[in-house]
Each structure stands twice: as structure tokens, then as C-alpha cells.
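Here's the structure we're looking at; comments come further down.
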Amino acid sequence: MGHNTFSVESYRQARKLYDVTDDANVTRKAEEKARRTGQLSEIVDPAINPIRFSKIRLDPHQKKWIVTVGCPMDIEVSCDTTGSMGGEVDTEMATLPQLYEAVSQVLPGYDPQLCLGIFGDCEDRFVMCRPQFEMEAEKIVNYLKEMAPQRGGAGNNGEDPQYAMFARAYLTDAYTNHIGLKGYHFIVTDEPYHHSLTRDQLERVFGDEIFDKELKSFSKNIPSLETMVKELKSKAHQFVLVLRDHRHSNTIDRWRKLCGEKSVIVIDSTRQLPKVISAIIGLTEGTLDITDLKEHLGDEGNAKLISQLSCIDIGAQAVLRHNLPHPVPKADDIFLHKEDIWPIQPGETVEEDDESEPSDSIRYL
């Protein structure tokens with residue numbers, strides 16, 4: 001279990017297991033159940049155990065713990081599923097193998113962990129769905145089919161993706177942040193955002209006890225959107241992928257004002273997402289060069305897109321990696337305790353624990 005990663009074969013088996021036989025209406029059963037019960041599936045409900053985790057995978061090894069795959073890289077994509085984007089979960093399901101393969105290519109040695117969520121409007125019955133970060137096809141296929149997109153939506157001239165951004169900023173425990181790196185966060189939309197975060201809506205989305213437990217510091221003052229984005233950017237390389245849409249001429253400008261010009265990329269179709277997301281990650285990691293962009297994007301690339309991608313903070317993660325106190329953990333590194341942040345370093349002397357060797361049945365993520 002500790003070594004399992006995504007594969008095309010496991011993806012096909014998972015679709016068969018969960019009876020996802022078509023690329024359309026993937027979420028039909030989940031939507032019908034949500035309408036009937038008024039509740040989301042617990043595996044995508046942001047109010048159920050609100051913290052989302054991205055941890056390093058360790059297995060017991062000679063009274064210590066061994067890294068099975070590599071350093072985790074948390075990649076969260078939250079997609080608008082209202083109006084014309086109502087069928088985007090179908091697209092995410094269909095392009096999942098391409099997305100995982102593409103990000104894996106630009107993250108050699110890492111363990112890509114995907115949290116593929118959706119959002120709508122606060123006037124909708126459900127504002128958002130947010131799963132855990134997963135790296136195995138069976139779990140990702142399972143949570144995608146349990147999404148409940150609102151499709152038509154109740155509001156207009158804006159949606160509420162700020163609650164998905166809030167979740168990454170304040171309700172995520174990612175290994176990358178513990179060691180001094182950043183994960184990746186993407187909003188995908190063709191609409192502007194509503195300029196508000198309210199206590200009532202935060203309790204509605206993340207549960208009535210959210211301020212008594214996870215958000216005690218916000219019991220009196222809710223952060224502004226600007227403060228939230230600053231916090232988000234301190235923990236993740238943050239981007240907004242805006243579908244080209246002339247119905248809302250101020251959409252791009254509003255997103256650039258909130259998140260910065262370099263963080264907003266205009267795309268033509270969500271079918272581009274695997275190539276565009278992986279290009280952004282590769283450029284940020286320093287594993288993809290500007291001169292490689294055209295070849296990497298293939299048919300999805302054009303001069304305007306390449307120009308936009310060339311303006312992001314290229315090599316930003318490489319700078320962070322260079323300033324770490326130790327090399328990024330890799331497969332077969334040894335941890336003394338599973339709660340440690342860093343593995344045992346070369347030449348480091350450690351004392352053996354008196355405890356007996358951990359059970360082989362234990363798995364840490």
C-alpha cells in the first residue's frame with residue numbers, strides 16, 4: 001500500500017470498480033443523492049474533518065521508518081462547476097491519467113498528491129466539495145464520482161471560490177510547508193469572485209464547530225480576501241486559470257488585482273489543464289525550461305499562452321529548495337520517528353529506540 005502510485009491500468013480498474021463507464025454524467029448518482037438527502041458524501045464534504053492532509057509516506061523498517069515513494073507534492077485544483085462549466089468533473093475524470101502523468105514528468109522523485117475539488121456560489125445548496133489529497137487512482141476516481149456540482153447555479157456575475165482558497169490557506173496540513181517548500185493551488189473559472197468571507201458562510205461550509213476547533217484565532221476577526229491570499233501564497237504557488245469568456249469583461253482584471261498579474265493565466269479550454277498545470281509546475285520547480293514550453297504544450301500551446309507562462313516566477317521553488325537546511329527527502333531515506341520532519345542525515349549518529357519494531361500492518365499515509 002505504501003508504494004502504490006497512479007497508473008493507467010489502476011485508473012481503468014477503478015472506473016470499472018465504481019461503474020464509471022461513461023465520460024458523461026460521472027456525478028449523476030452523487031447529485032441525485034445530495035438532492036434527496038441534502039448532504040454531500042463525507043469524502044468530499046469540507047465540513048467533515050475539515051483539515052486536508054498531504055503527508056510523506058513511510059513504512060516500518062528495522063525499528064525506524066523508510067520513505068516509500070518520495071517527498072509529497074500537494075497539488076490542489078478547485079474548479080468552477082456552475083453554468084457552462086457544470087460538466088467539468090466529467091472532464092477531470094476523463095483527463096485524469098494525462099494530468100497525473102504530466103505532473104509526474106515535471107516532479108521527478110516526488111510523490112504527486114492530488115486534491116481535485118469544485119466550487120459554486122453561496123446561493124447554491126452546496127458551496128464547494130473538497131476531498132483529501134490522494135495519489136492512488138482508486139481513491140481519486142472514487143472522490144470524483146462523489147462530487148455534487150450545482151451546474152446551473154443560483155447566483156450570477158460571480159462565484160465563491162474564495163472559500164476554496166481559504167481552505168488551502170488555513171485548513172491544510174502539508175508536508176511541503178513543514179520543510180520550507182510550497183505546494184500548488186489552482187482555481188479554474190470563467191467568472192469573477194465575490195469579495196467577501198463571512199463567519200456565517202465559513203460555518204456553513206466547514207461546519208458549526210470550525211471556530212471552536214480549527215479556527216480559534218479567527219473567532220472575532222475574519223481575514224480579508226487580501227490577507228487570505230497573502231497567507232495562501234506563503235504556503236502554495238497560487239494560480240488562477242481563467243477560461244477566455246467575453247461575457248464578463250472584468251473577470252481577468254479582477255483576478256489580477258487580487259492575486260497578481262503573474263498568477264493569472266488565460267486558457268481556452270479545460271482540456272488544456274493537464275499540459276498547462278504541469279507546465280506551470282515544471283517552470284516553478286525548474287525542471288522545465290522556457291525553451292521547452294512549445295514542445296511540452298504540444299497542440300495545447302499557442303503564442304499567447306506561451307507568453308503568459310513565460311512571465312510566471314520561474315524557478316521559485318528551486319530557490320526555496322536551495323535554502324532548505326537539508327536535501328529534499330527521497331525514496332529509501334530513513335526517518336527515526338514517523339513524526340519527524342527530516343530523515344536521518346548522512347553521518348548523523350542516532351540512538352536506537354528501546355521499543356520493539358513497529359508492526360508491519362502500520363502505514364503512515
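The values are calculated or read from the model by the stated rules, or taken from the named source; none is laboratory data. Treat the numbers as computed from the prediction; the structure is a model and nothing was measured. All Cβ positions, glycine included, derive from the backbone under ideal geometry; neighbour counts span all protein chains shown. Accessible surface is based on the protein model in full, side chains and every heavy atom, while ligands, DNA and RNA are left aside. Shrake-Rupley method; radii C 1.70, N 1.55, O 1.52, S 1.80 Å.
Buried (at least 18 other Cβ atoms within 10 Å of the Cβ), in contact (Cβ under 8 Å) with a residue 24 or more places away in the chain and under 21 Å from residue 255 (Cβ atoms): does that describe residue 206? Against the criterion (buried (at least 18 other Cβ atoms within 10 Å of the Cβ), in contact (Cβ under 8 Å) with a residue 24 or more places away in the chain and under 21 Å from residue 255 (Cβ atoms)), residue 206 does not qualify. Count of region 209-255 residues, restricted to those that are within 30 Å of residue 315 (Cβ to Cβ), β-branched (Val, Ile, Thr) and crowded, with 16+ Cβ neighbours inside 10 Å, is 5.
Consider region 265-302 and keep the residues that are closer than 28 Å to residue 191 by Cα and of a type in the set (Asp, Glu). The one that is farthest from the chain's Cα centre (by Cα) is 299. Scanning region 300-324 for residues that are open to solvent by 40 Å² or more (accessible area, probe 1.4 Å), touching a Gly at 6+ places or on another chain (Cβ under 8 Å) and assigned to a loop (DSSP other than H, G, I, E, B) gives 314, 323. In the set 271, 256, 199, only one residue is within 30 Å of residue 152 (Cα to Cα) and in contact (Cβ under 8 Å) with a residue 24 or more places away in the chain; that residue is 271. Take residue 275 and decide whether it is open to solvent by 70 Å² or more (accessible area, probe 1.4 Å), of a type outside the set (A, V, I, L, M) and at pLDDT 95 or above. Yes.
So, of the residues in region 171-228 that are among the aromatic types (Phe, Trp, Tyr) and within 27 Å of residue 113 (Cα to Cα), which turns out to be modelled with the lowest pLDDT?
Initial filter on region 171-228 (among the aromatic types (Phe, Trp, Tyr)): 175, 184, 186, 193, 206, 211, 218.
Now narrow it down to the ones that are within 27 Å of residue 113 (Cα to Cα): 175, 184, 186, 193, 206.
On the way: 175: 98, 184: 98, 186: 98, 193: 94, 206: 98.
If we take residues in region 171-228 being among the aromatic types (Phe, Trp, Tyr) and within 27 Å of residue 113 (Cα to Cα), then 193 is modelled with the lowest pLDDT.
Just one of 50, 46 is in contact (Cβ under 8 Å) with a residue 12 or more places away in the chain, crowded, with 20+ Cβ neighbours inside 10 Å and touching a Leu at 6+ places or on another chain (Cβ under 6 Å); which is it?
Numbers: 46 fails: touching a Leu at 6+ places or on another chain (Cβ under 6 Å).
Every option except 50 fails the conditions.
Might you let me know whether region 60-71 holds any residue that is under 27 Å from residue 158 (Cα atoms) and in contact with a helix residue (DSSP H, G or I) (Cβ under 9 Å, 6 or more places away or on another chain)? No: zero hits. Cβ-Cβ contacts under 8 Å between residues 6 or more apart (or on different chains), taken from a first residue in region 222-238 that is on the phi < 0 side of the Ramachandran plot to a second residue that is among the acidic types (Asp, Glu) and open to solvent by 10 Å² or more (accessible area, probe 1.4 Å), are listed as 223/231; 237/313.
Apart from one condition, residue 137 fits all of (1) open to solvent by less than 20 Å² (accessible area, probe 1.4 Å); (2) farther than 17 Å from residue 270 by Cα; (3) in contact with a strand residue (DSSP E or B) (Cβ under 7 Å, 6 or more places away or on another chain); the exception is (3). Please determine whether any residue of region 108-120 is surrounded by fewer than 19 Cβ atoms within 10 Å (Cβ to Cβ) and part of a helix (DSSP H, G or I). Within region 108-120, not a single residue is surrounded by fewer than 19 Cβ atoms within 10 Å (Cβ to Cβ) and part of a helix (DSSP H, G or I). Somewhere in region 283-290, is a residue open to solvent by less than 10 Å² (accessible area, probe 1.4 Å), assigned to a helix (DSSP H, G or I) and free of Cβ contacts under 8 Å to residues at least 60 places away in the same chain? Yes, region 283-290 has at least one match. Among residues of region 306-329 that are at positive phi, those with a beta-carbon under 8 Å from a residue that is of a type in the set (Ser, Thr, Tyr) and surrounded by 17 or more Cβ atoms within 10 Å (Cβ to Cβ) at least six positions away or on a different chain give the pairs 315/284. Per the listing 14, 30, 47, the residue uniquely under 15 Å from residue 114 (Cβ atoms) and under 23 Å from the mean Cα position of the chain (by Cα) is 14. Checking each residue in region 53-73 for being open to solvent by 20 Å² or more (accessible area, probe 1.4 Å) and under 30 Å from residue 201 (Cα atoms) picks out 53, 55.
When residue 265 is evaluated against the numbered criteria (1) without any contact (Cβ under 8 Å) to a residue 40 or more places away in the chain; (2) in contact with a strand residue (DSSP E or B) (Cβ under 9 Å, 6 or more places away or on another chain), which criterion, by number, is the only one it fails? Here residue 265 clears every test but (1).
For residue 32, state whether it is part of a helix (DSSP H, G or I) and surrounded by fewer than 16 Cβ atoms within 10 Å (Cβ to Cβ).
Numbers: part of a helix (DSSP H, G or I): yes; surrounded by fewer than 16 Cβ atoms within 10 Å (Cβ to Cβ): yes.
Here the answer is yes, as residue 32 does meet what is asked.
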